[in-house]
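The values are calculated or read from the model by the stated rules, or taken from the named source; none is laboratory data. Given the structure is predicted, the values throughout are model-derived calculations rather than measurements. Note that each Cβ is placed from the backbone with ideal geometry, even for glycine, and that neighbours are counted across all protein chains shown.
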Amino acid sequence: MAGWVEVADEVYQRRYDPHDVSVCVVRGAHGLLVVDTRSSHREADEIIADLAALGPRPVRWVVNTHAHFDHSFGNFHFGPGSAIDVPIYGHERVPEHLDTYERPMLARWIADGAEPIEDWRAVVITPPTELVCERTSLDLGGRVVELRHLGRGHTDNDLLVHVPDAATWLVGDLIEESGPPMYGSGSFPLDWPQTVASLCNLLESGATLVPGHGAPVDAAFAALQQADLQAVADLVTELHAAGVPPERAVEAGGERWPFPAEGLARAVEDGYRHLDPPT
Ligand SMILES: [Zn+2]
């Protein structure tokens, strides 16, 4: 795919296959802040090699937008003891998510011989070293970046990177552009629309949002996706109240779902579970 694209003043995005995952860099006088680390040692090393194109300033900070493997399994080659050896920031619930979902999934992939098997065998799951609850700010030298958790959504550990001087938000998978929002492991379909609504309320005029997958979008795109996420939450709630069993809910919603049916079983499953907490 293409190289670094400057999406705002000294804010860069590079889209990597597989998964069309975004890695972003915010450049300050003191160095580079790198957002997300891809899926493996090998993919992390590719990022590190590609950073040379952004000049001689060193990487000083890394942020994980959330715990999913395609955003965090490269951490080991940025974290303590690595050649880069910098702090990794993430939401305080990332470690628990890694243990609950990503670690067992990696073990399954290795047991099943999933490709690229050598990459999976080499992964050392590395939680963030600096845990963020609601917000924190980082002084990059000449510019300050804010890390913000606005509520549960794609996961319970989504952390946004706000660059106020560039009116730019690196939003991870809270908003997706290259495909529909992904209801994956540990998603909160009923809370997600409110979290994106909170984000929409914070956007500056002319703000740029960079999704974890896909091209940068604007506030109007975010508002439309918020409405679609709300439609999913409302329909899950309605089908649940009508007593439709979860395995029939996707079909029962028919044309009313705003997203393709194949991605919605998980939304129903997680939504129903949150409506019927285990007793
Ligand atoms: Zn994700």
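List of remarks:
- Whether a residue is over 22 Å from S185 (Cβ atoms) and crowded, with 24+ Cβ neighbours inside 10 Å was assessed, and V34 passes this test.
- Some residue of region 168-184 being hydrophobic (A, V, I, L, M, F, W, C), more than 15 Å from the ligand (Cβ to nearest atom) and either at negative phi or without any contact (Cβ under 8 Å) to a residue 12 or more places away in the chain (or both): yes
- Answer residue from region 125-152, given it is touching a residue at least 60 places away in the same chain (Cβ under 8 Å) and part of a loop (DSSP other than H, G, I, E, B) and is surrounded by the most Cβ atoms within 10 Å (Cβ to Cβ) among those: P128
- Taken residue by residue, region 45-63 has at least one member that is within 15 Å of the ligand (Cβ to nearest atom) and touching a residue at least 40 places away in the same chain (Cβ under 8 Å).
- Of all residues making up region 248-279, the number that are among the aliphatic types (A, V, I, L, M) and either in contact (Cβ under 8 Å) with a residue 40 or more places away in the chain or closer than 16 Å to H154 by Cα (or both): 5
- Of the numbered criteria (1) away from the ligand (no atom under 16 Å from the Cβ); (2) modelled with pLDDT under 95; (3) under 17 Å from the mean Cα position of the chain (by Cα), the one A261 fails is (3).
- Only a single item in (1) outside any strand (DSSP E or B); (2) of a type in the set (K, R); (3) farther than 25 Å from M182 by Cβ is not met by R108, and it is number (3).
- Residues satisfying the stated conditions in region 111-124, i.e. in a helix (DSSP H, G or I) and surrounded by fewer than 20 Cβ atoms within 10 Å (Cβ to Cβ): A111, D112, I117, E118, D119, R121, A122
- Single match in T100, T155 (criterion: within 16 Å of the ligand (Cβ to nearest atom) and surrounded by fewer than 20 Cβ atoms within 10 Å (Cβ to Cβ)): T100
- Evaluation of E176 against (1) in contact with a Ser or Thr (Cβ under 9 Å, 6 or more places away or on another chain); (2) within 26 Å of E262 (Cβ to Cβ) (one fails), failing number: (1)
Residue-wise test of (1) closer than 18 Å to S185 by Cα; (2) over 20 Å from the mean Cα position of the chain (by Cα); (3) of a type in the set (K, R).
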| position | (1), (2), (3) |
| --- | --- |
| Q226 | no, no, no |
| L229 | yes, no, no |
| V244 | no, yes, no |
| G253 | no, yes, no |
